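Data first, discussion second: the structure below is written as structure tokens.
The values are calculated or read from the model by the stated rules, or taken from the named source; none is laboratory data. A quick note: this is a predicted structure, and the numbers were derived from the prediction, not measured. In this analysis, Cβ positions are derived from the backbone assuming ideal geometry, glycine residues included, and neighbour counts consider all displayed protein chains.
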Amino acid sequence: MPALPNPSGALDRVRREIDRNVRRARNGIKLAADTTPPALGQSPKDVVWRSGRSELWHYRGTKNSGGPPLLLVFSLVSRSYICDLTPGNSFVERLLDAGFDVYLLDWGVPDERDANNRLEDYADDYIPAAIRRVQQLSGARRVDLLGYCFGGVLTLLHAAHHPHSPLHSLTVMATPVDFQQMGPLVEVAGSDAVDLDTILDDNGNVPAGIIRQLFRSLTPTYEITQYVNLWERLWSDEYVAAYRAITAWSADHIPFPGAAARQTLEMLLKENAMVTDRLMVGGDRVSLSNITVPFLTVRANRDHIVPRPASAPLIDLVGSADKNELCLDAGHMGLIVGKTAHKTTIPTIIDFLQKRSEVSA
Amino acid sequence: MSDTHPLRRAYDAAEREVAPRVEALLHSDEFTTTTTWIAKARKRIGGGIAAGGAQIWHLVNLPAGTDIKRLRSQLGSLDREVRKLGLQLEHLQHEQSEGGDNHASTAESERSARPGAPRDRP
């Protein structure tokens, strides 16, 4: 005899749908009516150094394990508050909870005064200055350095040009080295038809709008899919809050200093200098093999911005004896925000850094 | 029975068909060439208008937008040089203070090495 359907199960589903429809309506009205931007990057911090538009932030933590301080370096084309998106969804928060003394070097919003900033300004001037300031404030001799995306490129250039920099370890996340494997992003940017001078704005920088369009062109239907996802999950307060936060950050690109953009195009992309060993930083020929500090590269298998072939060669290029590679099933930003980040990436990075701190203690 | 809404399944199917074609179009050489040509044309036209406007402003001895843009660029370069000098000065001051600390700690170590003298904490 066939089993009869469970009436209480059907009733629960009906109740759940009614409840979800009520929440959909409420969240839908809130999304449409609430024009105040979401509160992002809220972890308490102090500005402990600045130069131009760049600032060094020291996050206030209550636990300190006594290990080396950790300096985060972010990309030049997007806002660093993705590292500290919202309470409960913050890379910085997790690091503070694990007892790290966390600093972040934020590049601010470039204007005409930054148009002539070259890659060596960041690798040879700003990053060393930030490291010195971290040493002064923390009393530590050495610093753990962590670079994300293009911030990872800058930290690699710094470590390669300054092999005696007081680094305790270097970690890079979602960092490209083989720029010719970057796929559509650089096929468009590196095309001979593209003239950088045509793209630069009156300030001499690549406008934030162009950066945003470039990223959008990678997955042109993504925005529509996001709206469909939102419609499907509109009943979830947690999803709606995360959607608002990520959407705000995705729309908030910053201009790319013109001189650094030109170097990126010519040296990193067209010459593919990181893998062809033709890097020139501050007039010196440098090589990633100069990097000998304990090293970790974290790559995302579903990264549509830095595809796997673009980041894969890095582990073989650095000269460190203690070098590690972590490949995770995540997207580009999924390495530091979202469920995968909090379950896997972040604990693994924390584990790597903590183990290095114990070894040197 | 799948939990996915039928409309969602329909969207996903349509997106799987449409997305690769849109991506191929946006990433094609023809699209890049066309958008670059349009950008160049806009810049050329804008440049022509700015040059014409500059002549008019200069006739009455007033600065034009191009003059202001050039001045801002020069100020930007100057700002960068000043920033770099400031950072180099910071670096020198840091090295001097480290050198001073090393000198002080060397002197302290020499005093501590004498018998009966208190040891420095590591």
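Okay, here's what the table says:
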read-out	value
Some residue of region A:79-86 being closer than 26 Å to B:S73 by Cα and at pLDDT below 95	yes
Subset of region A:44-66 (residues that are crowded, with 18+ Cβ neighbours inside 10 Å, within 14 Å of another protein chain (Cβ to nearest Cβ) and in a loop (DSSP other than H, G, I, E, B))	A:G52
Any hit, region A:216-227, residues being under 15 Å from A:I305 (Cα atoms) and not in a loop (DSSP other than H, G, I, E, B)	yes
Filtered residues of region A:49-61 (kept if in contact (Cβ under 8 Å) with a residue 12 or more places away in the chain and out of contact with any helix residue (DSSP H, G or I) (no Cβ under 6 Å at 6 or more places or on another chain))	A:R53, A:E55, A:W57, A:H58, A:R60
From the options A:R141, A:R133, residue that is in contact with a strand residue (DSSP E or B) (Cβ under 7 Å, 6 or more places away or on another chain) and within 14 Å of chain B (Cβ to nearest Cβ)	A:R133
Lone qualifier among A:H168, A:H164 - being in contact with an Asp or Glu (Cβ under 9 Å, 6 or more places away or on another chain), more than 9 Å from chain B (Cβ to nearest Cβ) and within 30 Å of A:I131 (Cβ to Cβ)	A:H168
Filter pass, A:A310 being under 30 Å from A:D84 (Cα atoms), outside any loop (DSSP other than H, G, I, E, B) and over 17 Å from the mean Cα position of the chain (by Cα)	no
Single residue of A:V194, A:V186 found to be within 20 Å of the chain's Cα centre (by Cα), within 14 Å of another protein chain (Cβ to nearest Cβ) and surrounded by fewer than 24 Cβ atoms within 10 Å (Cβ to Cβ)	A:V186
Residues (surrounded by fewer than 24 Cβ atoms within 10 Å (Cβ to Cβ) and of a type in the set (D, E, K, R)) located in region A:138-177	A:R141, A:R142
Selection count, region A:142-182, where residues are within 20 Å of A:Y103 (Cα to Cα), part of a helix (DSSP H, G or I) and among the small types (G, A, S)	3
Subset of region A:105-125 [out of contact with any helix residue (DSSP H, G or I) (no Cβ under 6 Å at 6 or more places or on another chain), outside any helix (DSSP H, G or I) and closer than 20 Å to A:T155 by Cβ]	A:W107, A:G108, A:P110
Out of B:D3, B:D29, B:D67, B:D79, sole residue that is within 8 Å of chain A (Cβ to nearest Cβ) and over 30 Å from A:G183 (Cα atoms)	B:D79
Of all residues making up region A:272-325, the number that are in contact with a Phe, Trp or Tyr (Cβ under 6 Å, 6 or more places away or on another chain) and under 20 Å from A:T344 (Cα atoms)	2
Residue among A:G151, A:G108 that alone is at positive phi and touching a residue at least 40 places away in the same chain (Cβ under 8 Å)	A:G108
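Okay, residues lined up against (1) away from chain B (no Cβ under 14 Å); (2) more than 17 Å from the chain's Cα centre (by Cα); (3) surrounded by fewer than 22 Cβ atoms within 10 Å (Cβ to Cβ):
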residue: A:L71; (1), (2), (3): yes, no, no
residue: A:S78; (1), (2), (3): yes, no, no
residue: A:I82; (1), (2), (3): yes, no, no
residue: A:R118; (1), (2), (3): no, yes, yes
residue: A:Y122; (1), (2), (3): no, no, no
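Residue-wise test of (1) of a type outside the set (S, T, N, Q); (2) exposed (fewer than 11 other Cβ atoms within 10 Å of the Cβ); (3) touching a helix residue (DSSP H, G or I) at 6+ places or on another chain (Cβ under 9 Å).
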position: B:D3; (1), (2), (3): yes, yes, no
position: B:K43; (1), (2), (3): yes, no, yes
position: B:A51; (1), (2), (3): yes, no, yes
position: B:T66; (1), (2), (3): no, no, yes
